[in-house]
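The structure appears below as structure tokens.
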Amino acid sequence: MKHSRFAILLLPLSLIVCLFAANLFAGSVKIPASSVIDILFGGETSKETWQYIVLYSRLPQAVTALFAGAALATAGLMLQTVFANPLAGPSILGIDSGASLGVALVMLMFGGTLGVFSADFGISGYLSVILGAFIGSILVLGVIIFMSTFVRSNIMLLIIGIMIGYLTSSVVSLLSFFSTAEGVFSYTIWGMGDFSGVSLRQLPIFCTFIAIGLFVAVILIKPLNALLLGERYAANLGVNVKRMRIMLLIATGILISVTTAFCGPIAFIGLTVPHIARLLLGTSNHNLLLPLTLLIGSTIALLCNLISVLPAATGMIPLNAITPVLGAPVIIYVIVNRNKIQYFN
Amino acid sequence: MITAENLTIGYLPNKRRNKIVHRNLCFSLETGELTCLLGANGTGKSTLLKTISGLLPPLAGSLTIDGRDLSSFTTHELAKIFALVLTDKTMAGGLKVIDMVSMGRYPHTGFFGRLNSGDHEIVENAMSMVGISDKAYSYVSELSDGARQKVMIAKALAQECPVMILDEPTAYLDITGRIELMNLLHSLANKQNKTVLISTHDVEQALMLGDRLWLLSDENSLQSGSTEDMVLSGGMDNFFAIGSIKFDRSNGSFRPQYFYSQKAFVEAPEDLMFWTKNMLIRNGYTTTLNKSEASIDVKIISPTEIFADGTLLTSFADLKHKLENR
């Protein structure tokens, strides 16, 4: 029986393998499959540009999607459990708008001097973008968690999150107004979201941060289950709720801010994937739900990345043009059927 | 045993503004007894329960478990002493009943909460004790309020704590459910020597199955004693009394106070006396032992053989008719 329960993880795992391969084989430049395989296994290839495209563009992009999807989905699940609200998510609670504000401050105010997103970026430029995103998202997350101690209504809390989103975007508008055209352009491009922002050289940093965040999430599986019963029941079961909240704040903060800093504010993955996982699994028990959410997050991100590079000639479609098409119907389905869905009741 | 001396309970919203609910409470919670905490709404029953179980810090005074101060226990240690059933809404509709009850094993399991065969057995036992074994694989969201309450009680049982504290556990249950639950709690206390403390509005059940009563009110703070001592010493008489509601010491029930205009002399077998008086009181008669001062003489032979002032009536409906038309 135990084996069959874990078997459900095999489905997204095999999809991830297929989609990861598809991401390497497909792209705006047509490269024969045999050449791609040669390049990947270190063989010689007829064109040096092909080698560059596969190793320096497609591979890091696929790995980024793999990690970013897992990060956003896991962060979304943790938020939904902590706020006892299945409609919580990084974008709805204003957390990635906090990250956006941090990034905007860095890009629009110091954009020219640090050379962020220019061809020969400095590592310090990227680190300051990450730091901006991290501080911005942690601040918003802190405000929301603080608010949640006295705003008991979940709907009100979501509206506060949306208000925070408006506030940050008003600051961003102001910053854009006084910024250079280049700064605004790179910020706008960043805001559309894509997985190509992480170069092969930055990839280890990116993956390390995400891995740390995911590791913390995995070690929080047991207390996350206890939190399903509410804070006081969790405390009675021996959970140190305050410490747990801080750990969650840090883990979700890292996952969302690092992903947002590198890939832009990607909508819907964090909100939608936990729902897909719960509906597939039929339980809110995090023992399986968290790993499944993580894997489906990667699957969806790889799928979105594949779709974004499909129109070969015209370049890439922004991710935020794709994720809502996949995500919004799921959320609408969930809301319409909420009386029949167990975890809503 | 849990003992409190000069305990002040309340909330600590911030340093300048304490909200004190009660001062100088002294009590001890006895092992092997079912203690029922009674009190009107807003008298601080939940606050007291939360303070005893360590969810709220005491504002002053001492609260000790077997001589050790409660505040010196870690959250993890407390989880093995107190099992709580609260009135909180949970977000656990997506959990199966068996998963929910298994959460009770949380303080006893390892890092990922994996249950061993002993844990599984405890969970099965807990479910069968409250009678929800047949729903083990249902979702919590599919259960009625009463069944959810039973699930939470099974969770508390699975926690295997010496002390169980339940905040209004019978609130959502129907009458048979209440009696079953109170009986279960009573036997847990008496047979397994657990300390069980519940708050309840169900006075009838508390008087019937509670070993000890705690009466909490704004005027008299906390009064405690064995159930029968409390009732017979008059502790209950004015407890819920607001104007016209009075406690009837002879049968432990509350009644609206009637204006008795007339007296009745009653003769009835013991098993019919209660219901005969019930009808008379409801219709404005008080009973008397002195035949001469009575305005009516009622003699009950059987429910279908009733003599009122010597006239044979065949039902209580006829008696009522007779009382009304005098």
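Helices in chain B that qualify as membrane-span-like (whole DSSP H runs, Cα extent of at least 18 Å along the helix axis, mean Kyte-Doolittle hydropathy of -1.0 or higher) are B:117-130, B:145-158, B:175-192, B:270-282.
From the residues B:S28, A:V103, B:T286, which one has its Cα farthest along the dipole of the protein assembly as shown in the positive direction, the dipole being from +1 and -1 charges on Cβ of Lys/Arg and Asp/Glu about the Cα centre? Farthest towards the positive end: A:V103.
When B:E33, B:E228 are sorted by how many other C-beta atoms sit within 10 angstrom of their C-beta, beginning with the fewest, the order is B:E228, B:E33.
Here the dipole of the protein assembly as shown is about 1040 debye; that uses its Cα centre as origin and unit charges on the Cβ of Lys and Arg (positive) and Asp and Glu (negative). For the stretch A:229-256 versus the stretch B:65-109, the inter-centroid distance based on Cα atoms is 15 Å.
For the stretch A:123-218, the C-alpha radius of gyration sits at 1.32 times the compact-globule guess of 2.2 N^0.38 Å, with N the residue count. Here's the picture: charge each Lys and Arg Cβ at +1 and each Asp and Glu Cβ at -1 in the stretch A:2-336, and of A:F83, A:S298, A:L167 the one pushed furthest to the positive end of that dipole is A:F83.
Overall, the stretch A:2-336 carries a charge dipole of about 1040 debye about its Cα centre when +1 sits on the Cβ of Lys and Arg and -1 on the Cβ of Asp and Glu, all other atoms neutral.
Remark: B:V123, B:V196 ranked as B:V123, B:V196, counting other beta-carbon atoms within 10 Å and listing the fewest first. Candidates A:V129, A:V325, A:T64 compared by Cα position along the dipole of chain A: farthest toward the positive end lies A:V325, with charges placed on Cβ. Across the protein assembly as shown, the convex hull enclosing all Cα atoms gives 210 Å³ per residue.
Around A:G327, with a cut-off of 15 angstrom between Cβ atoms, what is the net charge of the other residues, counting Lys and Arg +1 and Asp and Glu -1?
On the way: positive: A:R278; negative: A:D96.
Surrounding charge for A:G327 is 0.
Apply the a/c threshold of 1.5 to the C-alpha gyration tensor of the stretch A:2-336 and tell me whether it is rounded, prolate or oblate. Taking the square roots of the gyration eigenvalues as a ≥ b ≥ c, the stretch A:2-336 is oblate.
Values in this text are rule-based calculations from the coordinates and carry no lab data. None of these values were measured; they are calculated from a predicted model. Glycine also receives a Cβ, built like all others from the backbone with ideal geometry; neighbour counts cover every protein chain displayed.
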